[in-house]
1. Give, in nm to one decimal, the length gained when the segment between THR145 and ALA321 is fully stretched (0.36 nm per residue of separation minus the Cα-Cα distance).
2. Please report the relative contact order for the range 184-257, taking Cα pairs under 8 Å with a sequence separation of at least 6, and give it as a percent rounded to a whole number.
3. When ranked by the protection proxy of mean other Cβ atoms within 10 Å per residue, highest first, what sequence do the peptides 80-88, 201-209, 371-379 form?
4. Please report the net charge: other residues with Cβ closer than 11 Å to the Cβ of ASN169, K and R +1, D and E -1.
5. Checking the cross-link filter: which lysines have an alpha carbon closer than 20 Å to that of LYS117, excluding same-chain neighbours under 8 positions apart?
6. Return the distance in nm (one decimal) between the two label points of a simple spin-label model at LYS189 and ARG57, each offset 7 Å from Cα along Cα→Cβ.
7. Identify the residues of the range 172-215 with backbone N under 16 Å of a label point that sits 7 angstrom from the Cα of GLU273 along the Cα-to-Cβ direction, or state none.
8. Apply the Kirkwood formula to the range 111-285: the hydrodynamic radius equals the inverse of the mean of 1/r over all pairs of different alpha-carbon atoms; give it in Å with one decimal.
Amino acid sequence: LTPPSLCSPFPAVTSPCKILKCNSEFWAATSGSHHLGAEEAPEFCTALRAYAHCTRRTARTCRGDLAYHSAVHGIDDLMVQHNCSKDGPTSQPRLRTLPPGDSQERSDSPEICHYEKSFHKHSAAPNYTHCGLFGDPHLRTFTDTFQTCKVQGAWPLIDNNYLNVQVTNTPVLPGSSATATSKLTIIFKSFQECVDQKVYQAEMDELPAAFVDGSKNGGDKHGANSLKITEKVSGQHIEIQAKYIGTTIVVRQVGRYLTFAVRMPEEVVNAVEDRDSQGLYLCLRGCPLNQQIDFQTIRSAQATEGRARRKGPSLPAPPEAFTYETATAKCREKLPVEDLYFQSCVFDLLTTGDVNFMLAAYYAFEDVKMLHSNKDKLHLYERTRDLTPGNTAPTGTHPTLWVALLCLCWLCLL
């Protein structure tokens, strides 16, 4: 059992918090140790002390990190369970390999570990909902609200009785408010006889096909295979099936950044002890108002765009400059319907110059097609009922291009 880990979000490329490295070293030293006899327990205690020593070394850079503190508490629990002394040798024991017949080979699973079978035997099929996060970053909530947010740093996407999902968003360009997801942590909580607590963590240029403890399923419990990781494309696309809660999660790396999509029953979405705490649950409540890009503000800012540009340079030039025409042409290659995914694509190309953001929007919509239960709600379109005649787009300008122009102007004024 390896406690959860969640590193500090800064800096964007190399995090100083090394809890993931500590976890990996502990797993390498103790794989299969739950099969050890009592005579080998001292070896496990040695590995635990080494693990504790590793966490102390990175304590300063991981301070305030929820999963880091969870890992520290987990070590203390293991120390007690195995009657280990905190004083003693900390040299790493020999590496172990998983013995034949390990729990990852199990195919049987009790009925309670299959959501649809156990919870809905005599009732209608559950109502599934979808949430996704991609690009700069764009959020589609469980209620099909679509937002473009700032949300720099670490933010919770999902927080209920069964799992927690947290993302870290970092600036795409120095000095820019454009951010994208550079880190993702998913904590599956221990559930009855189905699964042990498991943690999945992905970062830029590191999309593992296993949980942080090296396993690919729910652990040692009887229903371990009701939680499984499948690698679809090496280093680019993984899928996590959590059948015991009827949930499917898709994580991709597109370019340097990550995308997230989930399909989850409403019953699981709303399973939370303290409903007041859901105010920070982005997939359910959306981004806080002060983190949303306000299109009314963007429209009013457009009037001063020319004056702001004359004051001097604003944002650094993106690596590749897109015009409105080339951005829309590029987005139409993958997104022929001019919905909010298309508009997000244009927006991201104009603000970042990175063509991978076009692919992020494309794959986000592909995940919606796979995960959304209502095929009539796949496309989302901008609401225009609040536009007055004085706020409409100029004649001859396509509304999609106008939205992208206004978004870019807003960023240039920051």
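1. Working: separation 176, 0.36 × 176 = 63.36 nm, distance 3.03 nm.
Full extension of this stretch gives 60.3 nm more.
2. Relative contact order here is 23 percent.
3. 201-209, 371-379, 80-88
4. Local net charge: +1.
5. Output for LYS117: LYS221, LYS228, LYS243.
6. 3.4
7. 189-192
8. 16.6
Every read-out reported here was derived from the displayed coordinates using simple, explicitly stated rules and does not represent laboratory data. These figures come from a predicted structure and were not determined experimentally. Cβ atoms come from the backbone with ideal geometry, glycine included; neighbour counts cover every protein chain shown.
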